[in-house]
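Down below is the structure, laid out as structure tokens.
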Amino acid sequence: MQTLADYRILDTPEESAFDDIVEVASLICEAPISVINFIDRDRQWFKSEKGLGVRETPLDISICAHAILQPGLFIIPDTTLDPRFANNPLVTGEPHLRFYAGALLESQDGYPLGTLCVLDYQPRELSERQRFALQALANQVMAHLELMQAHREQAELIRELETARHDLAKRAATDPLTGLLNRRAFEQRLNQEVALMQRGAPPAALMLIDLDLFKTVNDTLGHQAGDEVLVRFTELCREVFRQADVIGRWGGEEFVVMLPRSSVAEAHLAAERLHQILATTAMLDDISPPLYITASIGICSLTGSSNLDECLQKTDELLYQAKDQGRNRTVCEPQGTPPQH
């Protein structure tokens, strides 16, 4: 039963490959009825049939259930003369079966699963050529089942490999602590955005964030507490910034954010929201007094003509200006002198 289930053939739709085998078996054996059947727990189910008009019958009236207990071909020249089948409803009533020949459908492990059989309304025999052909066709049924199973296993393996490849790519691009893009992945995303701007997309803003006096957290509370602060800060960033904004961990306690289709002024507003939420959100709740942190932020514009190295260096300089001015503030790239009227 388990081997049969592993082939996943039961209750599948009709398929031309099996229908063709049934048709050829009927022609070669000159039999009006031909069936590919599998013996389930309480029924025999027909993958393909010619001349019966049904897809399954109860197991207690199955001739094939006896056939799978015999090696090789199982032939009953006249069912009315065989005490095992003389009183079978399929023999005594419609369709009045008189002749049966079944070739075993056997798994590679040697388990009998069903038969390819031909039936007739008259007592008869098969020639040696017909016997050979019937068994050869049964072998083709199993070969096709094995091929289908191999294709399923291959497809499953491909899915597993794709999942593993996706996971590896994600791990390679993701900071393991915060789940944000790591530096390399962020730089790739930055290059993509610049390429879009070179083709006409609106400018963006680039923001570099440094958590103030973070070393003190690690030194006084331990690195585990420091990691918890970084994770909590990441959660706050996801609340403050838009879904379209790209957040990365630049290294240590430094974070970087690219805000597509945003001016420096719009990015400044987002930075102010971050300052406000940091001022009212404890980073560690299980200590007394609760721990609050601040951040220093530098912001510059990003356009299609930007040199990324220079832009990142400029943002870093603005960040350190914020630190030199007393921390817990944002310094933006100057946006030029307003026109005189």
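The values are calculated or read from the model by the stated rules, or taken from the named source; none is laboratory data. This is a predicted model, so every value here is computed, not measured. Cβ placement follows ideal geometry from the backbone for every residue including glycine, while neighbour counts extend to all protein chains displayed. Keep in mind that these areas ignore ligands, DNA and RNA; they rest on the heavy atoms of the full protein, side chains included. Shrake-Rupley method; radii C 1.70, N 1.55, O 1.52, S 1.80 Å.
Just a few scattered comments:
- Estimated [θ] at 222 nm from DSSP helical runs (n ≥ 4, -39500 (n - 2.57)) normalised by residues in the chain, nearest 500: -14500 deg cm²/dmol
- Under-5 Å amide H pairs with Ile33, H placed in peptide plane, nonlocal only: Leu119
- Gyration tensor over the Cα atoms of the range 166-315: the corresponding equivalent ellipsoid has semi-axes (square roots of 5 times the eigenvalues, largest first) of 28, 18, 13 Å.
- Computed from the Cα positions only, the extents of the range 256-341 along the three principal axes stand at 53, 34, 27 Å, in decreasing order.
- Per residue, the accessible area of the chain comes to 54 Å² when a 1.4 Å probe rolls over the protein heavy atoms.
- GNM on the chain, alpha-carbon springs under 10 angstrom: the most fluctuating residue among Arg129, Arg171, Arg152 is Arg129.
- Panel note: the C-alpha atoms of the range 19-110, placed on their principal axes, show extents of 34, 28, 23 Å (largest first).
- Mean-position separation - Cα centroids, the range 116-135 and the range 140-163, in angstrom: 33
- Accessible area of the chain belonging to carbon and sulfur atoms, whole % at 1.4 Å probe: 51
- Whole-Å semi-axes of the range 191-244's equivalent ellipsoid (Cα gyration tensor): 34, 12, 9
- Here the range 222-305 is described by how far its Cα atoms reach on the three principal axes: 48, 23, 21 Å, from widest to narrowest.
- For trypsin sites (Lys or Arg not before Pro), the sites in the range 24-124 that DSSP calls loop and that have at most 12 other Cβ atoms within 10 Å are Arg41, Arg84.
- Spatial offset of the range 214-290 relative to the range 40-54 amounts to 66 Å, using the alpha carbon center of each.
- The GluC sites (Glu not before Pro) found in the range 55-156 that occupy coil by DSSP, while having at most 16 further C-beta atoms within 10 Å, are Glu125.
- A value for Kirkwood radius over Cα pairs in Å was derived from the coordinates, and within the list (i) 20.9; (ii) 26.5; (iii) 20.0 it appears as (ii).
- Expressed per residue, the C-alpha convex hull volume of the range 223-266 stands at 72 Å³.
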